[in-house]
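Coordinate-derived values only; no laboratory data. These figures come from a predicted structure and were not determined experimentally. Quick reminder, even Gly has a Cβ in these numbers, built from the backbone with ideal geometry, and neighbours come from all protein chains shown.
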Amino acid sequence: MKVDVLILIEFVNRELEVAVAIKHSLKTKGIKVKIISTLYDYSKAMLFYSPKILIVPYLYDDNNLKKFSMVKKSNTEELIIINMHQEQMVTKSNVEFVLPKGLAKNVLHISWGDTFTQHLIENSVDNNLIYQTGSPRIDFYREGMTHFSINKEKLSSEFKLNSEKKWILFAGNFPHENFTEDVITTLEKKGNKGIRKRIENALETRGILISWFEKLVENNPDIEFIYRPHPSENLTEELLKITKYYRNFHVIKKYVLRDWVINCDVINVWTSTSVVEGYFANKKVNVVRPIEIPSDFEMELFRGVNYINTYKEFEKHNIQGSLSNDLGLVEKINDHYSKVTNFSFEAISDLVIEGLKNNIKYDYKINQFYASFVDRFRLLIRFFVERIIKLVSGQSVIKLSKLFNPNSRYRRYFNILENGDDKVTKGRISDIENKFK
């Protein structure tokens, strides 16, 4: 099927709204756009769509480039690839992993701000291929876009929260125990050094934080404490136990993070870009560190900012603390996230239009990657096998993996299944598109 633009997304909660915003902007200009999940419909996307421009969530190396270039039907097609770089926060230990390698450097790159742009340039990416648009996720915190978020009354009603109480949010970021040995080894080979120590640090931190959560809700019954886990995070027995004993402690995965950030009074993070969303929502944000993160694993965003290191500080800053944010943190956020006049998704749409007009510099040599007959035949077999499994069992391959092989390579996605398939459906897209009208 011929389309002008094919947008591939990995996680619905993180990426679908932005993808639909780009689609809507382009659709008003007569450009045909399709959005597809890399998790569930990769083979379908590669076999049955022929885009002029392909937008991808990541593109780390030649292997990724080969994977996504399967969408080409011949080596004469001139495909333009735009890398959204959904992960732009780097540490000393993962910078080699996050930045593109090989021919993956030669596609078009979306950067949220000065810091990541500089990293790309230092990594020998041509400055002409870098488009600093700001973060399109932040668009939904700006004036004119707030109607995309759920209001406090709906959240109160659905989750039995008292809207008169102070709402305190902790944005969890602890998916680490879902990393299987083969995943860890692969990450190490790709340049994510020290990942094992990083996992140890995360799990020790989580244990201490859970004890702090319990103490906080016990000492302060007049608050509503919402723990919003990372989409692929396991919910531990210790965490769930608090919900049984304290009615003011809630573990809630449902809805995008923004819906909770906008409606809570204080935002807490360990190490997560959620702190940025809190800042742009004009909320008090706390960076909570019961134990130190080794320097090599620290995000640049958090270097040199003030941390909460003790329970006493944690309670003070959440219950009676100042509503002003740490100036060092504010400065870091402004370095990483450009302040743009127009919506970032519009800037990306403009780039797509220029690409369709052949008005941008692009190295078509990367189009040496394309699917051979054997590659396409294997992909076709994969497509039919997945469809047969779905038809016979009523389950996706990922769901069956959770049932019969819990340690499979899909393990990091299993927890997402609890809130549905994380599939890109026409209904989900329509619901978001209707909000633009």
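The value of relative contact order for the chain, using C-alpha pairs under 8 Å at least six residues apart, is 22 percent. Taking the Cα centre of the chain as reference, the dipole from Cβ charges on Lys and Arg (+1) and Asp and Glu (-1) amounts to some 1480 debye.
Relative to its Kirkwood radius, the Cα radius of gyration of segment 153-336 gives an Rg/Rh of 0.96. Comparing L240, L257, L26 in a Gaussian network model of the chain, where Cα atoms under 10 Å apart are tied by springs, the biggest mean-square fluctuation is seen for L240. Using just its DSSP H runs of length 4 or more, each adding -39500 (n - 2.57), the chain gives a mean residue ellipticity at 222 nm of -12000 deg cm²/dmol after division by all residues.
Listed by chain and number, the lysines whose alpha-carbon sits under 29 Å from that of K160, ignoring those within fewer than 8 places in the same chain, are K152, K215, K241, K244, K253, K254, K283, K284, K312, K316, K423, K435. Among V374, V5, the order by Cβ neighbours within 10 angstrom, fewest to most, reads V374, V5. As an exercise, use a Förster radius of 25 Å and the Cβ-Cβ distance of S211 and Q320 to find the FRET efficiency, rounded to the nearest 0.05. For S211 and Q320, the calculated efficiency is 0.75.
Highest average first, the peptides 343-356, 326-339 ordered by how many other beta carbon atoms sit within 10 Å of their residues are 343-356, 326-339. When the chain is treated as a GNM with alpha-carbon contacts under 10 Å, the residue of E17, E313, E300 showing the greatest mean-square fluctuation is E313. For the chain, the longest principal axis of the Cα atoms and the long axis of helix 12-27 meet at an angle of about 50 degrees. Between R387 and R196, the FRET efficiency from the beta-carbon distance, with R0 = 30 Å, is close to 0.20. Here the gap between K339 and V183, fully extended at 0.36 nm per residue and compared with their Cα-Cα distance, gives a gain of 52.5 nm.
With 40 Å as the cut-off, how large is the P(r) tail for the chain, expressed as percent of Cα-Cα pairs? Cα-Cα pairs in the chain separated by more than 40 Å: 18 percent. The angle between the Cα long axis of helix 195-219 and the main principal axis of the chain comes to about 40°, on a 0 to 90 degree scale.
Springs join every pair of Cα atoms under 10 Å in this Gaussian network model of the chain, and among S111, S93, S372 the largest mean-square fluctuation is at S372.
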